[in-house]
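Down below is the structure, laid out as structure tokens.
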Amino acid sequence: MDKRTSYFEDITLFKDRSVLIWSLLALSLLIGLPFMLAGYQVFVVNLILVNIIIVLGLNVLVGNTGQISLGHGGFVAIGAYMTVILDDRWLPFLPALIIAGFIAAIFGFILGIPSLKLEGPYLAVATLGFGLAITVIIGRVQFFGGHMGIMPPELTVFGTKLSSNTDFYFLCLIIALVMGIFARLLIKSRIGRAFSAIRDSDIAASALGVHVTWYKTLSFAFSAFYAGVGGGIWAYALGFISPGNFTPVLSILLLSMVVVGGLGTITGSVLGATVITLLNLQGEKIQELPLIGPFFEWISAQFMSISGLPNINFMFMGLTVMIIILFEPLGLFGLWIRIKIYFKTWPF
Amino acid sequence: MLGQLILSGIVAGSIYALVALAMSLTYKSSEVANFAQGEMAMFSTYIAFVMLASYQLPFWLAFIGSLVFAFFLGLFLHFGIIRRAKEPNVLNLLIITLGFQIFLYGLAGWKWGSEQRVLKLPISQTETVEIAGTTISQLNLATVIVALILMLLLFVLLKFTKLGLAIKATQQNETAAKINGIPTNRIVAITFGISSVIGAVAGIMLAPITTLDPNMMIEPMLKGFAAAVLGGFNSLVGVVAGAFLLGILENLFGFYVSTEFKSIVAFLIIVIVLYFKPSGLFGTHYVRKV
């Protein structure tokens, strides 16, 4: 490729003009999207946006800093419950959302402290335990609505009521864009480079003057903030939350979104969240699909069981995750890069 | 009362110990914390159930059949999936096992539905035996005995057989083992098979106590994993000790403090222990050199 003379383009938001133009095109498509889709599809897109927000943060932790977290469902739960409770009793929606994000971040900071000494399976089990503990505690405390769960109040932003899925879509889109741009700027800043240095070798990083303790816990707090904000919006998208929404399965799903999308990239987060969310939602209702639906129904009647057919989405998800890791460790982002290079150098 | 609590703690602990042993065996030989362990055990238990209920086989045949299946499932996980990974680093391998776990969970849910089944063992669950002033049901007693026998067998295997020697050599230094003519790939695959068998025994012993459904091994697996981490992942004796300790502590906590939070106390203990001893209670600390 061409010779690098400066690293300026590494820290700009848009690499060059063509990227800027494509981004603007994509943005206008996104603005027009809800008018092209039916009501339920807009709801699905909202869920995808929520997952994108959460995965953006998790990807900074897993992809850029190299720490494993199997407890992100816990942060999502904290964000969701805190937003709903604050919004219900004391504050308007947006401040409640931001404060809930910061509360999640504080928990992330606390979880980050024991994780300083841990790695690999030890870190996995510590974070997993955290996620489980949060779910159980929320389920047992009356203040959080116990096992029955709670309903968020009506959503009002700056005095306007957002009642339809389309209104809500624009709220999600704006928040997702802001958080995406912020994550990108952070990765490109001094902090982001410190994260990458820790991922590659924390001993080398500390030898170069990176404060490993501070940056590791900061990375946990940062991703917890994203999970908290995502959780807050998620509560309103679903219209009802209970501890059953925040099981370890959620944490595993989020982690698989990061890996399927591609570690350490914004594009990867977006791709992974989109694909896994769609797979998950569509897999549950596989009977309704044309062609494939009746086929699977026939297989179920013949060899499996009809009542268990909705479980097939887990099978597809597991297969997707395994196949991606086995054949394309960089995830969908790696696939995308390969396609791009193929067309750039096309006849050769 | 205290004796009774400790006894039921030991019963729970013996299940945790089996799962923990299985996880620690594979971890030691391949650096993979196998999250699919629980689901593999669940699937093998279903195989035993099918052989008992649909084909009316005698119990011992179904038991052995499901163990054989479990062994091949373990071999398949290693040869078919883990070996094929392009970039086998810790995160990727962990995600692969998570993917396999979700896959098996979905497959079992699809095949057998989410309804709860009953796996009948030829051991009574209601009749009790008295030991030193405490009572224990025959099934629980059998669980503890089976777990102890399995541990003994594993000890004999690792200590006195050629295969055990090869496994230990591979665990200590794979390259050196290979140079000395040990087929390390095959040995690691066999280790996966053995731990899958251990997990399957835990599943079959557990199925009558809980019920047989696709969710059945999730909690025992997490507890077993936690126990393994508590004891120190790289010491088998430590892992067993950690499992019994966890079972007993959990039961005492459930009785004296609160039954509601019994299921999470394990993880709180883990986080606290790991904070002070990052490699578990009995694990040897592994210092990385630059």
Q: Under 6 Å between Cβ atoms, at least 6 apart or on separate chains: pull out the pairs that start in the stretch B:4-19 with a residue that is polar (S, T, N, Q) and end on any residue that is assigned to a helix (DSSP H, G or I).
A: B:SER8/B:ASN251; B:SER14/B:THR143; B:SER14/B:VAL144; B:SER14/B:ALA147
Q. Restricting the stretch B:113-135 to residues that are in contact with a Leu (Cβ under 6 Å, 6 or more places away or on another chain) and over 26 Å from B:VAL50 (Cβ atoms), which is surrounded by the most Cβ atoms within 10 Å (Cβ to Cβ)?
A. B:THR134
**Q.** Evaluation of A:GLU154 against (1) in contact with a Ser or Thr (Cβ under 8 Å, 6 or more places away or on another chain); (2) part of a helix (DSSP H, G or I) (one fails), failing number
**A.** (2)
Q) Which number in (1) within 14 Å of another protein chain (Cβ to nearest Cβ); (2) not in a helix (DSSP H, G or I) marks the one condition that A:ALA205 misses? A) (2)
Q | Condition check for A:ILE286: more than 23 Å from the chain's Cα centre (by Cα), more than 8 Å from chain B (Cβ to nearest Cβ) and within 27 Å of A:TRP336 (Cβ to Cβ) | A | yes
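Is it the case that A:PHE182 is assigned to a helix (DSSP H, G or I), aromatic (Phe, Trp, Tyr), free of Cβ contacts under 8 Å to residues at least 12 places away in the same chain and more than 14 Å from chain B (Cβ to nearest Cβ)? Full working, then the answer.
On the way: assigned to a helix (DSSP H, G or I): yes; aromatic (Phe, Trp, Tyr): yes; free of Cβ contacts under 8 Å to residues at least 12 places away in the same chain: yes; more than 14 Å from chain B (Cβ to nearest Cβ): yes.
Spelling it out, A:PHE182 is indeed assigned to a helix (DSSP H, G or I), aromatic (Phe, Trp, Tyr), free of Cβ contacts under 8 Å to residues at least 12 places away in the same chain and more than 14 Å from chain B (Cβ to nearest Cβ).
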(Q) Exactly one of these conditions fails for B:LEU121: (1) closer than 21 Å to B:VAL19 by Cα; (2) assigned to a helix (DSSP H, G or I). Give me its number. (A) (2)
Q: Scan (1) in contact (Cβ under 8 Å) with a residue 24 or more places away in the chain; (2) under 23 Å from B:ILE102 (Cβ atoms); (3) β-branched (Val, Ile, Thr) for the single condition B:THR210 breaks and write down its number.
A: (1)
Q) Quick check: anything in the stretch A:101-122 more than 19 Å from A:LEU49 (Cβ to Cβ), in a helix (DSSP H, G or I) and polar (S, T, N, Q)? A) yes
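Within the stretch A:24-72, restricting attention to residues that are outside any helix (DSSP H, G or I) and within 14 Å of chain B (Cβ to nearest Cβ), which residue is surrounded by the fewest Cβ atoms within 10 Å (Cβ to Cβ)? Before you say what the answer is, go through the steps one by one.
Start the filter on the stretch A:24-72 by keeping residues that are outside any helix (DSSP H, G or I), which leaves A:37-38, A:65-71.
Next cut, within 14 Å of chain B (Cβ to nearest Cβ) only: A:65-71.
Details: A:THR65: 24, A:GLY66: 22, A:GLN67: 25, A:ILE68: 25, A:SER69: 31, A:LEU70: 25, A:GLY71: 31.
Ranking the qualifying residues of the stretch A:24-72, first place goes to A:GLY66.
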Q. Which one of these does A:ILE110 not meet: (1) within 22 Å of the chain's Cα centre (by Cα); (2) at pLDDT 80 or above; (3) at the interface with chain B (Cβ under 7 Å from one of its Cβ atoms); (4) surrounded by fewer than 21 Cβ atoms within 10 Å (Cβ to Cβ)?
A. (3)
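Of all the helices (runs of 4 or more DSSP H) wholly in the stretch A:252-348, which have at least 3 residues that are of a type outside the set (Ser, Thr, Tyr) and crowded, with 18+ Cβ neighbours inside 10 Å?
Working: elements: A:266-284, A:292-302, A:312-327, A:331-344.
The helices (runs of 4 or more DSSP H) meeting that bar are A:266-284, A:312-327, A:331-344.
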Q) Can you tell me how many residues in the stretch B:29-51 are in contact (Cβ under 8 Å) with a residue 24 or more places away in the chain and surrounded by fewer than 20 Cβ atoms within 10 Å (Cβ to Cβ)? A) 1
Q: Can you give me the number of residues within the stretch A:204-237 that are without any contact (Cβ under 8 Å) to a residue 12 or more places away in the chain and either of a type in the set (Gly, Ala, Ser) or in contact with a helix residue (DSSP H, G or I) (Cβ under 7 Å, 6 or more places away or on another chain) (or both)?
A: 6
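Quick one: which of A:ILE324, A:ILE312, A:ILE241 is within 11 Å of another protein chain (Cβ to nearest Cβ) and modelled with pLDDT of 85 or more?
Values: A:ILE312 fails: modelled with pLDDT of 85 or more; A:ILE241 fails: within 11 Å of another protein chain (Cβ to nearest Cβ).
Matching residue, one of A:ILE324, A:ILE312, A:ILE241: A:ILE324.
Answer yes or no as to whether B:THR97 is away from chain A (no Cβ under 13 Å), in contact (Cβ under 8 Å) with a residue 60 or more places away in the chain and out of contact with any Asp or Glu (no Cβ under 6 Å at 6 or more places or on another chain).
Numbers: away from chain A (no Cβ under 13 Å): no; in contact (Cβ under 8 Å) with a residue 60 or more places away in the chain: yes; out of contact with any Asp or Glu (no Cβ under 6 Å at 6 or more places or on another chain): yes.
When the stated conditions are applied, B:THR97 does not pass them.
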**Q.** Matching residues, the stretch B:55-81, being within 13 Å of chain A (Cβ to nearest Cβ) and free of Cβ contacts under 8 Å to residues at least 60 places away in the same chain
**A.** B:PHE76, B:GLY80, B:ILE81
Q. Is it the case that some residue within the stretch B:157-175 is out of contact with any Lys or Arg (no Cβ under 6 Å at 6 or more places or on another chain), among the hydrophobic types (A, V, I, L, M, F, W, C), surrounded by 13 or more Cβ atoms within 10 Å (Cβ to Cβ) and under 23 Å from B:LEU206 (Cα atoms)?
A. no
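Here is a yes/no grid of residues against (1) within 10 Å of another protein chain (Cβ to nearest Cβ); (2) out of contact with any Ser or Thr (no Cβ under 9 Å at 6 or more places or on another chain); (3) not aliphatic (A, V, I, L, M):
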site: B:PRO220; (1), (2), (3): no, no, yes
site: B:LYS223; (1), (2), (3): no, no, yes
site: B:VAL239; (1), (2), (3): no, no, no
site: B:ALA243; (1), (2), (3): no, no, no
site: B:TYR275; (1), (2), (3): yes, yes, yes
site: B:GLY283; (1), (2), (3): yes, no, yes
**Q.** helices (runs of 4 or more DSSP H) wholly inside the stretch B:140-235 containing at least 2 residues that are of a type outside the set (Lys, Arg) and under 16 Å from the mean Cα position of the chain (by Cα)
**A.** B:184-206, B:218-231
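The values are calculated or read from the model by the stated rules, or taken from the named source; none is laboratory data. None of these values were measured; they are calculated from a predicted model. With ideal geometry, Cβ positions are generated from the backbone for all residues, glycine too; neighbour counts draw on all protein chains shown.
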